[in-house]
Amino acid sequence: MELDPVWKALGDPTRRHILDLLREHPRTTGELCDAFPALTDPAVIKHVKILDAAGLLRVEARGRERWNHLNGVPLQEIAERWLKPYEAVWASKLWRLRRAAELPVHTEETPTVPDQTTARLVQVDQDVVIAAPSERVFEVLTADISTWWGAPYVHGDPGTVVTLQRHLGGHLMEDWGEGEGVSWAVVKRLRHPQVLELSGRFMMPGSVDGTAIFDLIPEGRTTRIRFSHTAVGAISDETAANWSAGWDDLIAHRLKSLVETGVVTPGRDPWPR
């Protein structure tokens with residue numbers, strides 16, 4: 001099954017709301033229109049047609065009424081293709097984290113969980129539109145990363161440079177010079193100019209592992225970056241909030257302004273020091 005129309009259909013919050021309504025029970029097109037008083041009937045019908053074309057719903061004609069039924073097959077295929085392979089990996093990581101959290105006494109031989117925070121998954125999502133073709137955005141995102149990703153988002157001395165080795169197994173790292181530095185993450189997936197996936201701790205306090213994905217989607221003369229960072233570990237609410245604000249500053253302000261204007265314009269500095 002071709003999944004591109006499915007991803008496109010799921011990208012709109014109104015269409016996701018329609019699917020939520022159909023998950024409760026089938027509804028007529030008129031009922032769906034009534035559920036969105038802020039939209040015109042033609043606008044809602046257009047959303048329904050997009051969902052129908054993507055195979056996410058099935059339309060049944062009953063006389064003059066059209067009944068819309070949720071079709072979960074494309075969603076199941078997405079789950080099987082994208083989520084199932086990671087279930088065992090995350091289960092193993094959470095099991096090891098639980099073992100560490102339950103250790104009653106800390107010695108030099110036993111790991112600890114920072115701040116004794118409850119182990120959990122943290123999800124950070126960003127959706128940013130940049131006025132440039134995807135090739136340009138991908139080049140700045142990967143090859144020119146040190147231009148927009150610097151202080152205060154580094155842990156080394158002034159002059160520390162962030163670098164990305166653009167190949168599978170390459171490192172996103174701080175280069176401290178003279179062969180010294182620290183690796184934040186490893187490149188797990190790379191496809192120019194569509195996707196960059198990184199796996200690692202990203203120096204996030206409490207995190208034992210994480211995955212950050214940059215999906216670049218061409219939209220005419222612009223490019224939409226759909227970014228997600230999933231982290232697992234003993235991560236506090238404050239840390240999660242700081243990381244969410246930090247990614248927003250890096251992507252929606254620094255990267256975006258550099259691509260569009262050639263100048264890095266930072267947003268609010270959220271990074272803990």
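The values are calculated or read from the model by the stated rules, or taken from the named source; none is laboratory data. If you're wondering where the values come from, they're calculated on a predicted model, not measured in any experiment. Methodologically, a virtual Cβ is constructed for each residue, glycine included, from the backbone with ideal geometry; neighbour enumeration extends over all protein chains shown.
Tabulated values for the structure
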item	result
Residue 169 vs. criteria at pLDDT below 85, of a type in the set (Gly, Ala, Ser) and more than 23 Å from residue 241 (Cα to Cα)	no
Test for residue 66: is it assigned to a helix (DSSP H, G or I), of a type outside the set (Asp, Glu), at pLDDT 85 or above and surrounded by 14 or more Cβ atoms within 10 Å (Cβ to Cβ)	no
Segment 203-229 - residue that is in contact (Cβ under 8 Å) with a residue 40 or more places away in the chain and part of a loop (DSSP other than H, G, I, E, B) and, of those, surrounded by the most Cβ atoms within 10 Å (Cβ to Cβ)	206
Failed condition for residue 125, given (1) in a loop (DSSP other than H, G, I, E, B); (2) surrounded by fewer than 14 Cβ atoms within 10 Å (Cβ to Cβ)	(1)
Residue 162 over 20 Å from the mean Cα position of the chain (by Cα), β-branched (Val, Ile, Thr), modelled with pLDDT of 90 or more and buried (at least 19 other Cβ atoms within 10 Å of the Cβ)	yes
Set 15, 58: member being within 24 Å of residue 217 (Cα to Cα), charged (D, E, K, R) and touching a His at 6+ places or on another chain (Cβ under 7 Å)	15
Count of segment 18-31 residues which are touching a residue at least 12 places away in the same chain (Cβ under 8 Å) and in a helix (DSSP H, G or I)	7
Positions within segment 231-256 being polar (S, T, N, Q) and under 12 Å from residue 126 (Cα atoms), in sequence order	244
Segment 177-201: number of residues that are in contact with a helix residue (DSSP H, G or I) (Cβ under 8 Å, 6 or more places away or on another chain) and under 18 Å from residue 246 (Cβ atoms)	1
